[in-house]
1. Checking the structure you have, find out if any residue of the range 58-78 is within 12 Å of F16 (Cβ to Cβ), open to solvent by less than 30 Å² (accessible area, probe 1.4 Å), of a type in the set (S, T, N, Q) and at pLDDT 95 or above.
2. Tell me which of these D109 doesn't satisfy, since it passes every other one: (1) open to solvent by less than 90 Å² (accessible area, probe 1.4 Å); (2) assigned to a loop (DSSP other than H, G, I, E, B); (3) not basic (K, R).
3. In the set F32, F11, which member is open to solvent by 10 Å² or more (accessible area, probe 1.4 Å) and modelled with pLDDT of 95 or more?
4. From A81, A128, A114, A132, which residue is of a type in the set (G, A, S), surrounded by fewer than 18 Cβ atoms within 10 Å (Cβ to Cβ), touching a Lys or Arg at 6+ places or on another chain (Cβ under 9 Å) and more than 19 Å from D21 (Cβ to Cβ)?
5. Could you pull out every one of the helices (runs of 4 or more DSSP H) wholly within the range 1-83 that has 3 or more residues that are touching a Leu at 6+ places or on another chain (Cβ under 6 Å)?
6. If you check V90 against the conditions, is it assigned to a strand (DSSP E or B), in contact with a strand residue (DSSP E or B) (Cβ under 8 Å, 6 or more places away or on another chain) and under 16 Å from A50 (Cβ atoms)?
7. From the residues in the range 84-98 that are among the small types (G, A, S) and crowded, with 18+ Cβ neighbours inside 10 Å, which one is nearest to E139 (Cα to Cα)?
Amino acid sequence: MVSRVIPVEDFDLVIFGATGDLAHRKILPGLFRRFVAGQIPETSQIIGAARTEQDDNAFRKEAEASIIEFGGVKKGDADLARFLPLLGYVPIDAKGEGGWDELKRRIRDDRVHAFYFSVAPSLFGDIAERLASYKIADEDSR
């Protein structure tokens, strides 16, 4: 069977719950595999959002460790070095106001916007309401 890579437009992806177990074991390694396969343009960005207070570099180190451990990648991998700069991080309060202005600032107008809720279902409504009220998501968002 021949695998086929479906090209995608440049995008901004926000992963809510980006410091959780699902993100580390599955989502980040999976996104890395899609990047290596050529399905994630290098002009896209992936923004982790969670309660943990950290910056972009700390999140990149966390993601690197996860991709090495759960993605079977060796430290120093050239593709991993190209992938990590796509990652950013915003500490966010899903039920409050903290971090939402920063997230809005980072989302680029000329990209497809996608949101992954790797959080408890009880937070879905709160996150969706804030995405709408801060005008981060629109009718074309995914």
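1. Residues of the range 58-78 that are within 12 Å of F16 (Cβ to Cβ), as a first pass: none.
No, the range 58-78 contains no residue that is within 12 Å of F16 (Cβ to Cβ), open to solvent by less than 30 Å² (accessible area, probe 1.4 Å), of a type in the set (S, T, N, Q) and at pLDDT 95 or above.
2. (1)
3. Working: F11 fails: modelled with pLDDT of 95 or more.
Exactly one residue qualifies, and that residue is F32.
4. Working: A81 fails: touching a Lys or Arg at 6+ places or on another chain (Cβ under 9 Å); A128 fails: touching a Lys or Arg at 6+ places or on another chain (Cβ under 9 Å); A132 fails: touching a Lys or Arg at 6+ places or on another chain (Cβ under 9 Å).
Exactly one residue qualifies, and that residue is A114.
5. Working: elements: 28-36, 56-71, 78-83.
Passing ranges, in order: 56-71.
6. Numbers: assigned to a strand (DSSP E or B): yes; in contact with a strand residue (DSSP E or B) (Cβ under 8 Å, 6 or more places away or on another chain): yes; under 16 Å from A50 (Cβ atoms): yes.
Against the criterion (assigned to a strand (DSSP E or B), in contact with a strand residue (DSSP E or B) (Cβ under 8 Å, 6 or more places away or on another chain) and under 16 Å from A50 (Cβ atoms)), V90 qualifies.
7. Step one: filter the range 84-98 for residues among the small types (G, A, S), giving 88, 94, 96, 98.
Narrowing the set further to residues that are crowded, with 18+ Cβ neighbours inside 10 Å leaves 88, 94.
Details: G88: 24, A94: 21 Å.
The residue in question is A94.
Yes/no matrix, rows are residues, columns are (1) closer than 22 Å to I40 by Cβ; (2) in a helix (DSSP H, G or I):
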residue	(1), (2)
L103	yes, yes
H113	yes, no
L123	no, yes
A128	no, yes
K135	no, no
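The values are calculated or read from the model by the stated rules, or taken from the named source; none is laboratory data. Note that the coordinates shown come from a computational prediction; the quantities given were computed from them, not determined experimentally. FYI the Cβ positions are ideal-geometry reconstructions off the backbone, even for glycines, and counts take in every protein chain you see. For the accessible areas, the whole protein counts, side chains as well, though only heavy atoms, and no ligand, DNA or RNA atoms are used. Shrake-Rupley method; radii C 1.70, N 1.55, O 1.52, S 1.80 Å.
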